[in-house]
Amino acid sequence: MKKLLWLDDIRNPHDKDFTPYVALYNPFLNQPHEIIWVKNYEEFNDYIKFYGLPDAVSFDHDLAPEHYTPEEYWNDFDKSKAYQDKNKYTEKTGFDCVKLLVGYCKIMKQNLPICVYHTANPIGKENMESYINNAKKHLEL
């Protein structure tokens, strides 16, 4: 059975209110699959460490309240990017999970799983997607 690792601090993929939302980002929608919900970097790391790679990962970027961009910047990509670039976070983000995943695949000599991004943070999505796309060029076995 396919496994989708769902990384999100708030959106529970098993909550019926999120079913349509989760369906948008589920590469296994019409196949038997299991969704495993992890809420932060530590849970993400523990899953990979104990169970290995899932078949796919859906990434949220902002995994703690400190990561959330203030509403005043939501409609201006450049201001939002400037705000995020100047912040130093104490909590790890989805981008940190992306880097962990790539490092794991490199060490274990495994291809990356399918990666999708359900984050509402466009700068975070761009950073995660770029990192994964660059890693794919060097990791494909």
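The values are calculated or read from the model by the stated rules, or taken from the named source; none is laboratory data. Here the structure is a predicted model, which means the values were calculated and not measured. Every residue, glycine as well, gets a Cβ built from its backbone with ideal geometry; the counts of neighbours run over all protein chains shown. Only protein heavy atoms, including side chains, enter the accessible area calculation; ligands, DNA and RNA are left aside. Shrake-Rupley method; radii C 1.70, N 1.55, O 1.52, S 1.80 Å.
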>> Quick query: amide H of Tyr117 versus all other amide H atoms, modeled in the peptide plane; which residues come in under 5 Å with a sequence gap of 5 or more or a different chain?
In response: Phe59
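Cross-link list Lys88/Lys109; Lys16/Lys86; Lys2/Lys136: which exceed 26 angstrom alpha carbon to alpha carbon? Walk me through the intermediate numbers first.
Numbers: Lys88/Lys109 32 Å; Lys16/Lys86 37 Å; Lys2/Lys136 21 Å.
Listed pairs above 26 Å: Lys88/Lys109; Lys16/Lys86.
Give the peptides 39-51, 120-132 in descending order of average Cβ contacts within 10 Å, highest first.
120-132, 39-51
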> Which lysines, on any chain, are close to Lys81 with Cα under 17 Å apart, when same-chain ones fewer than 8 places away are left out?
Replying inline: Lys125
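Checking understanding here: applying a Kyte-Doolittle mean of at least 1.0 and a length along the axis of at least 18 Å (C-alpha), which whole DSSP H helices in the chain pass? Before the final figure, lay out each step's value.
Values: long enough: 94-108 (21 Å, 1.12); 122-139 (25 Å, -1.11).
Span-like helices in the chain: 94-108.
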> The list (1) 14.8; (2) 15.6; (3) 16.9 gives values of Kirkwood radius over Cα pairs in Å, and only one came from this structure; which label was calculated from it?
Replying inline: (2)
> With every protein chain present, what accessible area does His14 have (1.4 Å probe, heavy atoms only), rounded to the nearest 10 Å²?
Replying inline: 120
